[in-house]
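The values are calculated or read from the model by the stated rules, or taken from the named source; none is laboratory data. Note that this is a predicted model, so its numbers are computed, not measured. Cβ sites come from the backbone with ideal geometry, for glycine too, and all protein chains shown count toward neighbours.
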Amino acid sequence: MPNEYQCIDPELGEQMSSLNRDDLDPRLRRQLEHHLEHCDACREKILFERALVRLIAEGAVEVPPPPSLRWVAARAASWAAPAAAALCIMLAVFLAPSPEAMLGGKPAGGHRALVDEALVVTRPVDGETRGGGPVALAWTPVAGARRYAVRVTQIDGDYTWSGETADARLALPGDAPVPGEYMAVVEAAPEGVAPGGPAVVRYHRDRAGAVLAWRLNHLPPASRWLALAALVLGATALVLRRL
């Protein structure tokens, strides 16, 4: 605020804000009011402050947050954004995808609902991209099944593998070529024990980058919200830093 005047009594002038206090000592109040009558500098300051308070109360002037608060908010957002993004990536890497993994509101693979099939492969999900190591194959157990026959063929190559197990899961060898597209067929024995017939799943084997990309594209809703939160927090931190 421009002020061409000098306070005639700086010691009293520094206490002018006390005039708004209800518990102000009556003797000091009289001194301040007397000072205000004779000091042009303090009178101009008081008039300016009262006018500013009135404009703020009427909404004519918007008071920005203190720079320190903007800095704190920017710092908080800048820390929270990468934390949310890191958590989102961790969920994508370590959280197994659902058999009904969604992308754009459509199932990732060709499975019908689990209740419609007596024998359904649950891992990997249809169309999933897996890494170059051993692939854990799992399916829904069938009542009365004594064993399961598993056959894996490479759709875009010559690789084949077959095996049997009494459990509802099996670790496939990790010697299949990478990259490659594969089809696994699981049959329950004795024949006819599974009304829906064999379970079939197609999956890809590729390098780590392709696996991460597939999982990020098939994030569960909670992880998608985390990704959105990371974007919003990052944008907020950028805006606050530029204010």
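Within the stretch 5-27, the residues that satisfy the criterion of being surrounded by 10 or more Cβ atoms within 10 Å (Cβ to Cβ), over 18 Å from GLU44 (Cβ atoms) and either over 56 Å from the mean Cα position of the chain (by Cα) or aliphatic (A, V, I, L, M) (or both) are LEU24, ASP25. Scanning the stretch 37-66 for residues that are modelled with pLDDT under 65 and in contact with a Leu (Cβ under 6 Å, 6 or more places away or on another chain) yields one hit, VAL61. Tell me, yes or no, whether the stretch 124-142 has at least one residue that is over 36 Å from the mean Cα position of the chain (by Cα), among the small types (Gly, Ala, Ser) and modelled with pLDDT of 90 or more. The answer is no; no qualifying residue exists.
In the stretch 131-220, counting only strands (runs of 3 or more DSSP E) that sit wholly within it, the ones holding 3 or more residues that are surrounded by 15 or more Cβ atoms within 10 Å (Cβ to Cβ) span 135-139, 147-154, 180-189, 199-205.
Look at (1) assigned to a loop (DSSP other than H, G, I, E, B); (2) out of contact with any Gly (no Cβ under 8 Å at 6 or more places or on another chain); (3) charged (D, E, K, R) and you find that ASP126 fails only one, number (2).
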